[in-house]
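Visitor: What follows is a single structure, and I will ask about it in a moment.
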Amino acid sequence: MENRIKLQDRTFRVMISAEQIDKAVAEVASKLNERYAGREPIFVGVLSGSILFMSDLVRKTTFDSEMTFVKVSSYSGTESTGKVKMELGLNVDIKDRDVIIVEDIVETGHSMKHLLDYFADFNPRSVAICTLFFKPEKFLYDYPIEYVALPIGNEFILGYGLDYNQLGRNLKDIYVVEE
């Protein structure tokens, strides 16, 4: 495992190992297996960061499910713009369905709030939020984040689907920027 990497103008160091991530994903999958046993929810991954997490998560579940994706954007470099833009909407019917939104990271909660409002128009039976990383200190809303694999602080991270200017998504570990 490489302890430090350089991407463009920034240096990053390992913060969370691939093994720690896998264990956290397995724990979330176990909770989902309990809740959704005998049901057929639909996983809605938020592109692009959730792809690796959702792939590993779904493979660890034991219930039948469907998968689809949506895309929203609110980032520029390492900073959230606070403005959420829907780039790709739903392509399946979620009316009366259990929906599990799968996100790579929930920080302020703006993107997730946008998606919750968007999904409400389609009358799902239930909507649960499942995130790999959660930054409780930055979170601005009171809606529940039911499934959190790893709560973290306010640091900027990349790897395992998360990027820095579209780079680093392929890294197996999570890296944090060195200031």
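The values are calculated or read from the model by the stated rules, or taken from the named source; none is laboratory data. From a predicted model like this one, the values you see are computed outputs, not experimental measurements. With ideal geometry, Cβ positions are generated from the backbone for all residues, glycine too; neighbour counts draw on all protein chains shown.
Visitor: Within region 163-173, is even one residue crowded, with 21+ Cβ neighbours inside 10 Å, touching a helix residue (DSSP H, G or I) at 6+ places or on another chain (Cβ under 8 Å) and closer than 17 Å to residue 6 by Cβ?
Guide: Yes; the residues of region 163-173 include at least one that is crowded, with 21+ Cβ neighbours inside 10 Å, touching a helix residue (DSSP H, G or I) at 6+ places or on another chain (Cβ under 8 Å) and closer than 17 Å to residue 6 by Cβ.
Visitor: Mind listing whichever residues of region 130-149 are more than 17 Å from residue 51 (Cβ to Cβ), of a type outside the set (D, E, K, R) and either surrounded by fewer than 19 Cβ atoms within 10 Å (Cβ to Cβ) or touching a Phe, Trp or Tyr at 6+ places or on another chain (Cβ under 7 Å) (or both)?
Guide: Residues satisfying the conditions are 136, 139, 140, 141, 143, 144, 145, 148.
Visitor: Please verify whether region 59-82 includes one or more residues that are of a type outside the set (Ser, Thr, Tyr), part of a helix (DSSP H, G or I) and out of contact with any Ser or Thr (no Cβ under 6 Å at 6 or more places or on another chain). Step through it out loud before you land on a result.
Guide: Our first condition is that a residue be of a type outside the set (Ser, Thr, Tyr); within region 59-82, this holds for 59-60, 63-64, 66-67, 69-72, 77, 79, 82.
If we keep only those that are part of a helix (DSSP H, G or I) as well, we get 59.
Narrowing further to those that are out of contact with any Ser or Thr (no Cβ under 6 Å at 6 or more places or on another chain): 59.
Yes: region 59-82 contains one or more residues that are of a type outside the set (Ser, Thr, Tyr), part of a helix (DSSP H, G or I) and out of contact with any Ser or Thr (no Cβ under 6 Å at 6 or more places or on another chain).
Visitor: Restrict the check to region 38-46 and report whether at least one residue is under 18 Å from residue 166 (Cα atoms), touching a helix residue (DSSP H, G or I) at 6+ places or on another chain (Cβ under 8 Å) and aliphatic (A, V, I, L, M).
Guide: Applying the first criterion (under 18 Å from residue 166 (Cα atoms)) to region 38-46 yields 45-46.
Subsequent filtering for residues that are touching a helix residue (DSSP H, G or I) at 6+ places or on another chain (Cβ under 8 Å) retains 45-46.
Filter again for aliphatic (A, V, I, L, M), leaving 46.
Yes, region 38-46 contains a residue that is under 18 Å from residue 166 (Cα atoms), touching a helix residue (DSSP H, G or I) at 6+ places or on another chain (Cβ under 8 Å) and aliphatic (A, V, I, L, M).
Visitor: Residue 91 is checked against (1) more than 25 Å from residue 27 (Cα to Cα); (2) touching a residue at least 24 places away in the same chain (Cβ under 8 Å); (3) of a type in the set (S, T, N, Q) and fails just one. What number does that condition carry?
Guide: If we test residue 91 against (1) more than 25 Å from residue 27 (Cα to Cα); (2) touching a residue at least 24 places away in the same chain (Cβ under 8 Å); (3) of a type in the set (S, T, N, Q), just (2) comes out false.
Visitor: Another one. Out of (1) at pLDDT below 85; (2) crowded, with 18+ Cβ neighbours inside 10 Å, the odd one out for residue 43 is which?
Guide: It is condition (1) that residue 43 fails.
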